[in-house]
Structure formats: structure tokens, C-alpha cells
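> I'd like to ask some things about the structure below.
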Amino acid sequence: MSKPKHKKIFGLMAEYDTAKAIFKACEKVRDAGYEKWDSYTPFPVHNLDKAMGLKPSILGVIVFCCGMTGAASAMLLQWWTSTVDYPVIIAAKPYFSYQAFIPVTFELGILLSAFGAVFGMLGLNKLPQWYHSLFNSERFSRVTDDRFFICIETNDPKFDFERTRKLLEGTGAVHIEEIED
């Protein structure tokens with residue numbers, strides 16, 4: 001006789017039917033001190049990030065740094081080519097006439113800012129992600145239609161199966177489900 005296999009649990013998922021309900025539930029989960037959890041909605045819910053207690057994104061800093069790197073690189077390359085590599089006096093202008101270099105500097109700054117925004121967003125969102133345990137739930141497919149979900153992961157330091165389940169039940173969840181990993 002073979003030994004029964006124990007299923008590994010990814011987390012507990014709670015389902016809600018309105019945006020107001022998930023907003024209140026997120027506040028309760030945040031106040032309970034959970035760290036590894038997320039909410040899933042079919043459309044953006046205003047101020048849900050504040051209800052979850054999320055910090056501001058660093059994407060703006062990434063975009064700014066990439067833009068400044070692009071602008072500085074463009075200006076440095078143009079300075080080097082016109083003053084060091086191939087200095088030519090044209091119409092009695094100085095070797096480094098920065099006014100002529102502004103368009104290229106601006107364009108390269110914008111180009112690298114765009115790359116920073118796209119690749120920074122993909123990196124911060126951990127995309128592409130080919131698999132997620134929530135896809136094991138049939139109910140979760142309604143997240144793109146009309147349902148709202150919160151999932152608290154088992155690797156959260158405060159996760160205790162019974163206490164977490166009671167917390168989610170106390171938030172007014174329509175349905176609570178164990179998600180297998």
C-alpha cells in the first residue's frame with residue numbers, strides 16, 4: 001500500500017462580489033499584518049493600493065535614471081566626436097557648440113526613458129510569468145469578468161491556516177478556497 005501524498009498549499013483565496021467589499025477586506029488584511037498577499041480585480045479599484053498598504057513604486061526613479069543616462073550619453077558622444085575624435089571648425093563655431101546637440105540629446109533621453117519604463121515595469125511585475133498557482137482554481141477565471149479576490153500565501157510569516165481562514169471569513173468573503181501549489 002502506497003503512502004498518501006500530501007498536497008502542498010500555495011495559499012488561501014477569498015472571493016468577493018463588489019469593489020467595496022474587497023476594499024474593506026484589503027484594509028482588514030493589511031491591519032492584521034500580513035505581508036505576502038495580493039488582491040486581484042477585473043478593473044482598477046481607486047485607492048486599493050493604499051488600502052493594501054503598498055509603498056510607492058520605484059518605477060519613476062528607474063525611468064528618470066535611464067533618461068538621464070541616455071541624455072548624458074548622447075551629449076558625451078557628440079562632445080567626444082566633435083572635439084576629440086574629429087575636430088572641424090565650421091563657420092567659425094567652437095568645437096563644442098551644445099545648441100546643435102540638444103535634439104539628439106533629448107531624443108536619446110526619451111528613448112532610454114521608454115526602455116526603462118517598459119523593462120522596469122516587466123521586471124518589477126516579475127513578468128513574463130508562465131505559471132501561477134491561482135490558475136489551478138476554476139473560480140479564479142472570473143477575475144477578468146466580475147469577481148474580486150484576495151490570496152494570502154502560506155509562506156507569509158503570520159500565516160496560520162485557521163486564523164487566516166477566520167480572518168478571511170470575517171471580511172465578508174463569498175467563498176474561501178485553498179489553492180494548491
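Where a number appears in this text, it was derived from the coordinates with a stated rule and is not lab data. Model, not experiment: these values are computed from the prediction. Counting neighbours? That spans all protein chains shown, and the Cβs are built from the backbone with ideal geometry, glycine included.
> Using the Kyte-Doolittle scale, find the helices of the chain whose mean hydropathy is at least 1.6 and whose Cα atoms extend 18 Å or more along the helix's long axis, counting only whole DSSP H runs. Numbers along the way, then the final one.
On the way: long enough: 19-32 (20 Å, -0.14); 59-80 (31 Å, 1.51); 102-124 (32 Å, 1.83).
Going by DSSP H runs, the hits are 102-124.
> What's the extension gain from residue 111 to residue 54 if we count 0.36 nm per residue and subtract their Cα-Cα distance?
Values: separation 57, 0.36 × 57 = 20.52 nm, distance 2.92 nm.
Result for the pair: 17.6 nm of gain on full extension.
> How do 89, 179 rank when sorted from fewest to most other Cβ atoms within 10 Å of their own Cβ?
Details: 89 8, 179 20.
Going from least to most buried by this count: 89, 179.
> Convert each backbone phi in the range 139-154 into a coupling constant with the Karplus relation 6.51 cos²θ - 1.76 cosθ + 1.60 (shift: θ = phi - 60°), then list the ³J(HN,Hα) values in order as whole Hz, x for Gly and Pro.
Once rounded to whole Hz, the list reads 5, 5, 5, 7, 5, 8, 10, 8, 10, 10, 9, 10, 10, 9, 7, 6.
> Further question on the same structure: For Rg/Rh (Cα atoms, Kirkwood Rh), the choices are (i) 1.10; (ii) 1.56; (iii) 1.27; which was calculated from the structure?
Matching entry in (i) 1.10; (ii) 1.56; (iii) 1.27: (iii).
> Next question, about the same structure. Size of the dipole of the range 1-64 about the Cα centre, Lys and Arg at +1 and Asp and Glu at -1 on the beta carbon, nothing else charged, in debye to 20?
On the way: 11 positive and 7 negative charges, 84 e Å.
So the dipole magnitude of the range 1-64 works out to roughly 400 debye.
> For a quick protection proxy, order the peptides 169-178, 23-32, 90-99 by their average other-Cβ count within 10 Å, most packed first. The partial results should precede the final answer.
Values: 169-178: 15.7, 23-32: 18.2, 90-99: 10.3.
Peptide ranking by packing, descending: 23-32, 169-178, 90-99.
> Let me ask another. How large is the charge dipole for the range 138-181, taken about the Cα centre, if only the Cβ atoms of Lys, Arg (+1) and Asp, Glu (-1) carry charge, to the nearest 20 debye?
Numbers: 7 positive and 12 negative charges, 52 e Å.
So the magnitude is around 240 debye.
> Along Cα→Cβ, 7 Å out, is where each label goes; now give me the distance between the ones at residue 175 and residue 142 in nm to one decimal.
Roughly 0.5 nm, to one decimal.
> Per 0.36 nm of contour for each residue apart, how much would the distance between residue 104 and residue 135 grow if the chain were fully extended, relative to their Cα-Cα spacing? Could the numbers behind the result be given before it?
Working: separation 31, 0.36 × 31 = 11.16 nm, distance 4.62 nm.
Length difference between fully extended and current span is 6.5 nm.
> Next question, about the same structure. Which net charge results for the neighbourhood of residue 53, defined as the other residues with beta-carbon distances under 11 angstrom from its beta-carbon, given Lys and Arg at +1 and Asp and Glu at -1?
Details: positive: 30, 50, 55; negative: 27, 31, 35, 49.
Here the charged neighbours net out to -1.
> Be a star and scan the range 50-87 for residues whose amide nitrogen sits under 12 Å from the point 7 Å along the Cα-to-Cβ vector of residue 96.
Those under the cut-off are 75-84.
> Among 105, 70, 51, which residue has its Cα positioned farthest towards the positive end of the charge dipole of the chain, with +1 placed on the Cβ of Lys and Arg, -1 on the Cβ of Asp and Glu, and the dipole taken about the Cα centre?
The residue sitting farthest along the positive end of the dipole is 51.
> A follow-up question, please. Within the range 95-125, find all residues whose amide N lies under 14 Å from a label point positioned 7 Å from the Cα of residue 76 along Cα-to-beta-carbon.
Answer for this model: 109.
> Starting from the Cα of residue 158, step 7 Å along the direction of its Cβ; do the same at residue 88; then give the gap between the two resulting points in nm.
Distance between the two pseudo-spin positions: 6.8 nm.
> Further question on the same structure: Any idea how far the Cα center of the range 108-164 sits from the one of the range 26-79, in Å?
If we compute the Cα centre of each part, the gap is 13 Å.
> Let me ask something else. By a straight-distance test (C-alpha under 17 Å), which aspartates and glutamates pair with residue 50 as possible cross-link partners, with residues fewer than eight away in the same chain excluded?
Here the aspartates and glutamates satisfying the reach criterion relative to residue 50 are 27, 31, 35, 38.
> What residues have an amide H closer than 5 Å to that of residue 9, excluding those fewer than 5 places away on the same chain, when H is modeled at 1.01 Å from N in the peptide plane?
When sequence neighbours closer than 5 places are left aside, the close amide H contacts are 181.
> If you place +1 on the Cβ of every Lys and Arg, -1 on the Cβ of every Asp and Glu, and leave all else neutral, what size is the dipole of the range 36-110 about its Cα centre, to the nearest 20 Debye?
Numbers: 4 positive and 4 negative charges, 39 e Å.
Here the size comes out at about 180 debye.
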